[in-house]
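Report on the following structure.
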Amino acid sequence: MTTMIRPGGTIGIFGNGQLGRMIALAAQPMGYRVHVFGPEAGSPAAQVADEETVARYDDRTAVERFARRCDVITLEFENIPVETVRWAEAITPVRPSSGVLEVTQHRVREKTLCVDLEIGVPSFASVDSLESLHDALRGVGLPAVLKTTTLGYDGKGQAKIATASDVPGAWSSIGAREGILESFVAFDKEVSVVAARGLDGSFTNWGLMENVHANHVLDTTVAPAAVDDQTADHAIEIARQILEHLDVVGVMCVEMFLGADGAILVNELAPRVHNSGHLTIEAAFTSQFEQHVRAICGVPPGATTMRPSAMANLLGDLWAGGEPQWDVALADGDVKLHLYGKSEARAGRKMGHLTALGATGAEALARVVAARGALRKA
């Protein structure tokens, strides 16, 4: 038996960037109010929210006041302090919970969870000193990747170790702090499953998606991934196992490597809506954002029927030569533009994305990449 939070209720969001913005835009047509919490005023999410609290995540008084004004709270990103979530969930439900966050914001705990579930992951070892890093390399081998256990994203907080001479610099680059050493995976594809789990245990997903990264930042996503049905089904089952074991309520993304031999290795877990699921806004009957709102509010899930589609991220680099040529890119009527309301374009900063549909994923990808390329054409 679940208690539905009815339209008219208030959804709180810890984090006020573009993901919070898109959650708010999905919640409001369903009749929900949205209250965002974050340290910066005038954020992308605050521009469209009904209410905004500007405060630090360690301000317990502000967090508790915020919690009392919400019927349910969710997370825009996984680096919210666990203690902050615990303060809030003592007053109102937070979905996903602090227990989910405690695992998924720590890379060693993530990998250990997968090992316990007998799910494949790259070889790894926990390190907490330069000496332990040298010891770990003897077991993990070279090449390897050293990462911080917390707070890293989009390639931040990680360094590749190709030879033993790289070790001191890698250790210094992550701040000489607790980390995880992982074997370097020579993968055939990077893929992800964006899935949702409801209060009643219902499980939905949008199939297996194929991702390409550039400089550690997601560049394009194609749906469906160009793999056989057995591989896609296996990846989805892995996601189901993880969401069920963690008792996730809401959307979670499971990022994976697909080896040339067909082996699937879990790379990271993101307990939130995800960049690789942005194309569901146009491609699916129910987007990841709407499904997340449905899940955290105890509303039955919507259908996730998908059309072949592709997404291309728009980084601040595109503004280097002036305002992009939106009219040229949008001359293709099957291309959609999403901008996030960020005031300053910086190199590497996610400013928006383009989505395209097609008869196949490959056709959609060609269309969206061509549209992005047209943004800079003279």
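The values are calculated or read from the model by the stated rules, or taken from the named source; none is laboratory data. Keep in mind it's a predicted model, so treat the numbers as computed, not measured. Cβ: placed from backbone, ideal geometry, glycine included. Neighbour counts: every protein chain shown.
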Matching option when the condition is within 24 Å of Ile23 (Cβ to Cβ) and either assigned by TED's automatic domain parsing to the domain that holds Ala370 or acidic (Asp, Glu) (or both), among Gly262, Gly348: Gly348
Condition check for Glu282: surrounded by fewer than 24 Cβ atoms within 10 Å (Cβ to Cβ) and in contact with a Cys (Cβ under 9 Å, 6 or more places away or on another chain): no
Helices (runs of 4 or more DSSP H) contained in segment 268-378 and holding at least 1 residues in contact (Cβ under 8 Å) with a residue 12 or more places away in the chain, acidic (Asp, Glu) and in contact with a helix residue (DSSP H, G or I) (Cβ under 9 Å, 6 or more places away or on another chain): 288-296
Of all residues making up segment 113-163, the number that are in a loop (DSSP other than H, G, I, E, B) and either aromatic (Phe, Trp, Tyr) or farther than 20 Å from Val266 by Cα (or both): 5
Some residue of segment 140-156 being among the hydroxyl-bearing types (Ser, Thr, Tyr) and either farther than 23 Å from Leu218 by Cα or touching a residue at least 60 places away in the same chain (Cβ under 8 Å) (or both): yes
Residues (of a type in the set (Phe, Trp, Tyr) and surrounded by 19 or more Cβ atoms within 10 Å (Cβ to Cβ)) located in segment 190-213: Trp206
Matching residues in segment 95-112 - criterion: being closer than 19 Å to Ile73 by Cα and touching a Ser or Thr at 6+ places or on another chain (Cβ under 7 Å): Arg95, Gln105
